[in-house]
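Right, one structure below, let's go through it.
The values are calculated or read from the model by the stated rules, or taken from the named source; none is laboratory data. Not measured: the values here are computed from a predicted model. Neighbour counts run over all protein chains shown; Cβ positions are idealised from the backbone, glycine included. Side chains are part of the model used for accessible areas, which takes the heavy atoms of the whole protein and leaves out ligands, DNA and RNA. Shrake-Rupley method; radii C 1.70, N 1.55, O 1.52, S 1.80 Å.
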Amino acid sequence: MDASVDLVNLAPLAQLLAFGALVGGAPLLWLRLRSRAHAGSPERLRALTLLTLFLTFDLVIFGAFTRLTDSGLGCPDWPGCYGQFSPLGARGEIQAAQTAMPTGPVTHSKAWIEMIHRYLASGVGFLILVLCIQSWRQRRQAASLVSPWWSTLTLVWVCMQGAFGALTVTMKLFPAIVTLHLLGGLGLLVLLAWQAQAYAPRPLRLGSGLRRAVLVLFVLTVAQVALGGWVSTNYAVLACDAFPQCHAGQWWPAMDFEQGFTLWRALGENAEGGLLPFAALTAIHMAHRLGAVVLLAVLVAVACGLWRRGAEARPWGVWLLGLAAWQLLSGLSNVVLDWPLLAALAHTGGAAALLTLLSFLLARLRQGAVHPGPL
């Protein structure tokens, strides 16, 4: 990569923000035309929140696609590409970089993937800005449902996501930064899911024990997603190439947890700048496997508890079991099929869907606890 490139070049920032308004404005116009009957009402805010949630989910998946295709440095600067709004304006620089290193990190296709990710992110940011403005404008009508401070927090959160997006480039895919960027995207899903449920209260009343179990499941899911992000950003998926053993004939191979979970280090390096040993990658992979066993056990127990609570709670248990099966199959596919792109995307999508579903469920349970009734 050309060391003379300015890692932060704000020249195309205005164009990028304008294009983000265009990207976000198209679905916003569709929503406005579709929901004229609910103009100025909490129903419109809920519809906008759900639309933003859907597009944020898509952005998380495309972010995973960007990472898995090694396109995170497809443009070596931020927020544009060699100081240009699009790769079209940087064809010469990209061609020179691709000629020097034909497989990347900078190629024409990777540059486009990286910039499309940034265009989508700017569109989601625009929608969250509109959601925040509308929430404050309609706070008197919606005061009993959800505070506008939730959308304000979401706006601050997405701005921090943009900052982490810049750091992923300027710090050359530093694993801790990339993992935090992934978790930040999933955090946006949680915030938006909670708000969407608050605009259409449907309390779910369960016993305190089962409510606590759902909360524990949510915390364990966040921890497991963080472990999964650490596996992905350190390229440790294939550190174990067999299942249920790690390597053929090895249930507990040589592992270096200290170096594997040294968080502040460059990609592929240990804390001293040397090469990260394979035993460290194996430790990262095995930690995620062991976490999956714990999470799967708790998830099945919670799903069975929901199933036994009757017709209102049973669909939640079915969805949880379905997502557990999805994650198990997609995770195994990554190992036994040599990390195919489709399986990797499916695994990321399953994790995002599971966190979103649990956020919906926790919001319903919170409403049931605030407005108690017969169990």
- Going through the stretch 231-284 one residue at a time, which ones are of a type in the set (Gly, Ala, Ser) and in contact with a Ser or Thr (Cβ under 6 Å, 6 or more places away or on another chain)? Ala239, Ala271
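Among the listed residues Ala37, Ala11, which satisfies the condition of being part of a helix (DSSP H, G or I), over 22 Å from Leu173 (Cβ atoms) and modelled with pLDDT under 95?
From the options Ala37, Ala11, the qualifying one is Ala37.
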- Query: Inside the stretch 308-336, can you point out the residues that are open to solvent by less than 80 Å² (accessible area, probe 1.4 Å) and either touching an Asp or Glu at 6+ places or on another chain (Cβ under 9 Å) or among the hydroxyl-bearing types (Ser, Thr, Tyr) (or both)?
  - Reply: Ser330, Ser333, Val335
- Query: Restricting attention to the stretch 260-274, does a residue exist that is in contact with a Leu (Cβ under 8 Å, 6 or more places away or on another chain), at negative phi, part of a helix (DSSP H, G or I) and open to solvent by 40 Å² or more (accessible area, probe 1.4 Å)?
  - Reply: no
- With the condition kept exactly as written, say whether any residue in the stretch 41-50 is among the β-branched types (Val, Ile, Thr), over 23 Å from Arg139 (Cα atoms) and in contact (Cβ under 8 Å) with a residue 24 or more places away in the chain. no
- Could you grab me the full set of residues in the stretch 338-370 that are farther than 24 Å from Leu210 by Cβ, in a helix (DSSP H, G or I) and not hydrophobic (A, V, I, L, M, F, W, C)? His347, Thr348, Gly349
- Message: So, in the stretch 162-178, how many residues would count as being buried (at least 22 other Cβ atoms within 10 Å of the Cβ) and polar (S, T, N, Q)?
- Response: 1
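Matching residues to (1) in contact with a Pro (Cβ under 7 Å, 6 or more places away or on another chain); (2) among the polar types (S, T, N, Q); (3) within 25 Å of Ala64 (Cα to Cα):
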position	(1), (2), (3)
Ala163	no, no, yes
Met171	no, no, yes
Gln197	no, yes, no
Pro201	no, no, no
Val237	no, no, yes
Cys240	no, no, yes
Pro244	no, no, no
Phe257	no, no, no
Gly260	no, no, yes
- With the condition kept exactly as written, say whether any residue in the stretch 65-86 is of a type in the set (A, V, I, L, M) and more than 21 Å from Leu16 (Cα to Cα). yes
- Note on the structure: Taking first residues from the stretch 146-166 that are in contact (Cβ under 8 Å) with a residue 40 or more places away in the chain and second residues anywhere that are buried (at least 17 other Cβ atoms within 10 Å of the Cβ) and assigned to a loop (DSSP other than H, G, I, E, B), the pairs with Cβ under 7 Å that are 6 or more apart or on different chains are Val146/Tyr199
- Query: What pairs can you find where one residue is in the stretch 350-369 and within 27 Å of Ser330 (Cβ to Cβ) and free of Cβ contacts under 8 Å to residues at least 60 places away in the same chain, the other is buried (at least 19 other Cβ atoms within 10 Å of the Cβ) and of a type in the set (Gly, Ala, Ser), and their Cβ atoms are less than 7 Å apart, with a gap of 6+ or different chains?
  - Reply: Gly350/Ser330
- Message: Criterion first (free of Cβ contacts under 8 Å to residues at least 40 places away in the same chain, in a helix (DSSP H, G or I) and either under 16 Å from Leu129 (Cβ atoms) or of a type in the set (Asp, Glu) (or both)) does Leu31 satisfy it?
- Response: yes
- Task: Please enumerate the residues belonging to the stretch 145-161 that are open to solvent by 20 Å² or more (accessible area, probe 1.4 Å), in contact with a helix residue (DSSP H, G or I) (Cβ under 7 Å, 6 or more places away or on another chain) and not aromatic (Phe, Trp, Tyr).
- Result: Leu145, Thr152, Leu153, Leu155, Val158, Met160, Gln161
- Note on the structure: For the stretch 89-101, pairs from a residue that is farther than 15 Å from Leu73 by Cα to a residue that is among the hydrophobic types (A, V, I, L, M, F, W, C), with Cβ under 8 Å and 6 or more apart or across chains, are Gly89/Cys81
- If we keep only residues of the stretch 44-62 that are within 11 Å of the chain's Cα centre (by Cα) and β-branched (Val, Ile, Thr), then the residue surrounded by the fewest Cβ atoms within 10 Å (Cβ to Cβ) is Ile61
